[in-house]
1. Could you check how many residues of segment 149-178 are on the phi < 0 side of the Ramachandran plot, in contact (Cβ under 8 Å) with a residue 40 or more places away in the chain and buried (at least 17 other Cβ atoms within 10 Å of the Cβ)?
2. Does Ala221 satisfy being open to solvent by 20 Å² or more (accessible area, probe 1.4 Å), more than 17 Å from the chain's Cα centre (by Cα) and more than 14 Å from Ala148 (Cα to Cα)?
3. For the structure I just gave you, tell me whether Glu21 is open to solvent by 40 Å² or more (accessible area, probe 1.4 Å), acidic (Asp, Glu) and at pLDDT 90 or above.
4. Does Pro184 satisfy being farther than 20 Å from Gly131 by Cα and in contact with a strand residue (DSSP E or B) (Cβ under 6 Å, 6 or more places away or on another chain)?
5. Taking segment 107-122 on its own, how many of its residues are farther than 14 Å from Ser46 by Cβ and surrounded by 24 or more Cβ atoms within 10 Å (Cβ to Cβ)?
6. Six or more apart or on different chains, Cβ under 9 Å: which pairs go from a residue in segment 200-217 that's within 16 Å of Ala128 (Cβ to Cβ) to one that's open to solvent by 70 Å² or more (accessible area, probe 1.4 Å) and of a type in the set (Lys, Arg)? Could you list them?
7. How many residues, within segment 61-91, are of a type in the set (Val, Ile, Thr) and within 18 Å of Ile116 (Cβ to Cβ)?
Amino acid sequence: MHKHLALLLILSLTPLSLVAETVHQDVMLGDDIEMDLRTFPSEGDSLLLGFPCDLGTGQAEAAAGEVLSGRGIEVWMADLLGAHFLPIAPSSMRSLEGREVAGLIAHAVQQTDKRIVLIGSGYGAIPALRGARIWQQEHPDDPHLAGAILFFPMLTAHNPEPGKPLEYLDIVHNSALPVVIMQPGNTPTRFWVNKLKKTLEQGGSHVHVELLPDVRGNFYARRDATAAEKAMAQRLPELVEQAIERLRTMEMQ
């Protein structure tokens, strides 16, 4: 199971003078949902909105936000599962309909007026895409949502079974969004990524797949990381920045 839904970046790669302080706030979404939000301010024009499922305790996610904010990318991290007191599990992520994500996009637009990029990994891609869809339906002419970066996304309706066709969740067929998929090469999902790309494109998305050689899913947070995975983890700031610029290019296509 992929427990980290945001990126582990190496804090030492960024000068301390550039590191922004974490700001904690509680955001009310609707009348009864209180969301814990960790923000890492920046003066840049992009805001990275991610959804770690660590119940607010993850140090890796905090390090990621600090590094990226120091490089001109504002970062917000919202605890979707904690807001509903849900356990960290694929079924929990599949149960989220995306309304909270849409609400957070609206909050980000009101507070910052920046271009917003969603980021998720594993099963965190599910509420990210669902929330993007809701936002687009409710704000069809709003240009703020720039796309999504998905690391090893798990978007199947059921766990894959030998001999049975792979089925994707409805949101894969109904998303119309610029998407960059960061696909590890040493994982079974590598063999499905072309089908995922095609299915997303049939729904109206523009998709770019970036293959990450010699690494497994969740490679940046593995205790048993190989030398290649450790090296790739050190490149994460560069990978994220390149993905954001790729989305900027896709917006103009």
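The values are calculated or read from the model by the stated rules, or taken from the named source; none is laboratory data. A quick note: this is a predicted structure, and the numbers were derived from the prediction, not measured. Don't worry about glycine lacking a Cβ; one is built from the backbone with ideal geometry, like all the others, and counts go over all protein chains shown. Note: areas computed on protein heavy atoms with side chains; ligands, DNA, RNA excluded. Shrake-Rupley method; radii C 1.70, N 1.55, O 1.52, S 1.80 Å.
1. Number satisfying all stated conditions: 11.
2. no
3. Considered against the rule, which asks whether it is open to solvent by 40 Å² or more (accessible area, probe 1.4 Å), acidic (Asp, Glu) and at pLDDT 90 or above, Glu21 comes out as no.
4. Yes, satisfied.
5. Looking only at that region, the number is 2.
6. Listed by first residue and then by second, the contacts come to Val207/Lys198.
7. Counting residues in segment 61-91 that are of a type in the set (Val, Ile, Thr) and within 18 Å of Ile116 (Cβ to Cβ) gives 2.
This table checks each residue for (1) farther than 21 Å from Gly124 by Cα; (2) hydrophobic (A, V, I, L, M, F, W, C); (3) in contact with a helix residue (DSSP H, G or I) (Cβ under 7 Å, 6 or more places away or on another chain).
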| position | (1), (2), (3) |
| --- | --- |
| Ala157 | no, yes, no |
| Pro165 | yes, no, no |
| Pro178 | no, no, yes |
| Gly203 | no, no, yes |
| Arg222 | no, no, yes |
| Pro237 | no, no, yes |
| Val240 | no, yes, yes |
